[in-house]
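Structure first, commentary second.
Since every read-out is calculated from the coordinates, none of them should be taken as a lab result. This structure is a prediction, so every number in the text was calculated from the model and none was measured. Note that each Cβ is placed from the backbone with ideal geometry, even for glycine, and that neighbours are counted across all protein chains shown.
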4 protein chains.
Amino acid sequence: MTTDKTIPRDRAAYDFWTTVTLRYSDQDPMQHINNVAITAFLESGRAGLIGEIIGIPEKSGFAMVLARLTVDYLYEITFPQAVDVGGRLARAGGRSLTSHYAIFQGERCCVVSESVNVFFDTKTRRSTEPPEHIADRISAHLSANP
Amino acid sequence: MTTDKTIPRDRAAYDFWTTVTLRYSDQDPMQHINNVAITAFLESGRAGLIGEIIGIPEKSGFAMVLARLTVDYLYEITFPQAVDVGGRLARAGGRSLTSHYAIFQGERCCVVSESVNVFFDTKTRRSTEPPEHIADRISAHLSANP
Amino acid sequence: MTTDKTIPRDRAAYDFWTTVTLRYSDQDPMQHINNVAITAFLESGRAGLIGEIIGIPEKSGFAMVLARLTVDYLYEITFPQAVDVGGRLARAGGRSLTSHYAIFQGERCCVVSESVNVFFDTKTRRSTEPPEHIADRISAHLSANP
Amino acid sequence: MTTDKTIPRDRAAYDFWTTVTLRYSDQDPMQHINNVAITAFLESGRAGLIGEIIGIPEKSGFAMVLARLTVDYLYEITFPQAVDVGGRLARAGGRSLTSHYAIFQGERCCVVSESVNVFFDTKTRRSTEPPEHIADRISAHLSANP
């Protein structure tokens, strides 16, 4: 099997960081952190990245929802040492935004992931184009962090 | 953005089914089922499929661990109606097994997903080839369900 | 140690039932269902009970939030057999409602629990008295199911 | 309704601390941290406390399992500020150990909780008395931290 080599595996490639503490209940009978918990860590990174770079105000009537998620589980994560989730914007489409994440436990890159989020109108509950000032903020961030 | 069209979206394509009841806490502030909970539903389907088709005995010294997960979130899932998770084997590699899943709420296919599991030696905690009788059982199932 | 003997442990004592399917990720390294997952099962029973008996309409501006939870873990619950959560109203206070739950796996009562919920104004985010028609419905239910 | 006043609500009363980062998926449709996630935070505190004070070696054939949990939810916890879980031993029985926890978000005590754990033989899967050196360690800790 092959893993996604287009997602960086070195800390230097990521410009937004979130620390996630592990919980005993994140573990499964294999005595390691369960894959489901890992998708919660990725969402923590994503929520931080979107909050920081995009800054969607609450009750603005629009949001970003996850449309596609890819996760490569490279190494086991084990309780209890906290992990660091690195995130970066990868590219923007008309109604979507692709971002990359890597989870490190100590120096080891244990997980890489790609998320595609779509802009979402919370009234119609359908995908939409982002407001212009948000599209501009994303373009500016992508230009500055190629 | 594009979604994975190689994963079937009709019930007829799946031969193993698992019902998953929804929990209030699966929901998030968007008033729908959170993407993290959905990966737990997929794991329920996967555990069922692997248990049924492969039947790994406990304490056999080997297991299957998730190496790669792809999820396309096509439609929102909303509390409280239970979902059905359809599963099927897609293909086998020397040390890995690829399977497909679709989650239905009522008649609507809300999620499709591909998992790659690797055979895993629980003592060395590394990937391994499966015992011959298990490789045979997988081949037989794939031949019978092309 | 002592367990709460005021909460019934027989199926006949419960008048509202919710089935909860177990998930692989509900398990922990002890090879049993983790106590945290069990509180999600209890919440499933509670959401069902409150929905059925009280029937709070969405966007009514009021809700019930959990104020106090007591759980006695009597026997291990093990993957994968689904559990049944029995629920019953126990008593009502001016701003609160106490309910009892028992979780059965097969014929065994594995968990008993008491919840105290408070009526909650979603605008002020403070406890409140329930609307009269809801207080009446609760009184009627308690009279009919002593 | 009444809350448990025997569990301290000031930081000074706790001698073991665990920081827990919040996750987007810990939230529910009420726009606050769900009660189920809070029991995972409590378990994080408990795992830390038991690891630190008691130090059960893996594969020792014995463990501590949760027998009884009481949680008073005093104030809402909201995403995303991390919480601090304070823990302390309260008292020991022949086969059980009672501990207290308080969860703080900033300066506010949002949750207090009491846990009763029992010593557990992982082979028979029944409660047991702790090995003497562990009973001694607990007595010493309780004497030093009355």
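Remarks
- Within the shell defined by Cβ-Cβ distances under 9 Å, the residues around B:N117 carry a net charge of +2, with Lys and Arg each +1 and Asp and Glu each -1.
- Across identical copies of the chain, A:A82 has label-point separations of 0.2, 4.1, 4.1 nm, listed in ascending order, with the point defined 7 angstrom from Cα along Cα→Cβ.
- Note on A:A82 and D:T128: the model spin-label points, each 7 Å out from Cα along the C-beta direction, lie 3.5 nm apart.
- Among the GluC sites (Glu not before Pro) within segment D:66-146, those in coil by DSSP and having at most 10 neighbouring Cβ atoms inside 10 Å are D:E107.
- FRET efficiency, 1/(1 + (r/R0)^6) with R0 60 Å, evaluated for A:I138 and B:H141 via beta carbons: 0.85
- Net length gained if the chain between A:T98 and A:E52 were fully extended (0.36 nm per residue, minus Cα distance): 15.0 nm
- Paramagnetic reach from D:Q31 (point 7 Å along Cα→Cβ, amide N under 17 Å) across segment B:1-39: B:28-32
- Radius ratio Rg over Rh of segment D:1-134, counting only Cα atoms, Kirkwood formula for Rh: 1.00
- The dipole here belongs to segment D:11-144: it is taken about the Cα centre, uses +1 on the Cβ of Lys and Arg and -1 on the Cβ of Asp and Glu, and is about 360 debye.
- Counted by neighbouring Cβ atoms within 10 Å, the residues D:C110, A:C109 run from fewest to most as A:C109, D:C110.
- Inverse of mean 1/r across different Cα pairs in segment B:74-141, Kirkwood, Å: 14.0 Å
- Pseudo-label separations to other copies for A:I138 - Cα-to-Cβ vector, 7 Å, nm: 3.9, 4.6, 5.6
- At R0 = 30 Å, FRET efficiency that the Cβ-Cβ distance of C:R108 and B:S60 yields, to 0.05: 0.60
- C-alpha center-to-center spacing [segment A:85-146, segment B:81-146] in angstrom: 30 Å
- In segment D:1-96, the trypsin sites (Lys or Arg not before Pro) that fall in loop regions by DSSP, at most 15 other Cβ within 10 Å: D:K5, D:K59
- Per-residue HN-Hα couplings for segment A:68-84 [Karplus 6.51, -1.76, 1.60; θ = phi - 60°; Hz; x = Gly/Pro]: 8, 9, 10, 10, 9, 8, 8, 9, 4, 9, 10, 5, x, 5, 4, 10, 10
- Sparse-neighbour loop sites [GluC sites (Glu not before Pro); segment C:43-75; at most 15 other C-beta within 10 Å; DSSP]: C:E58
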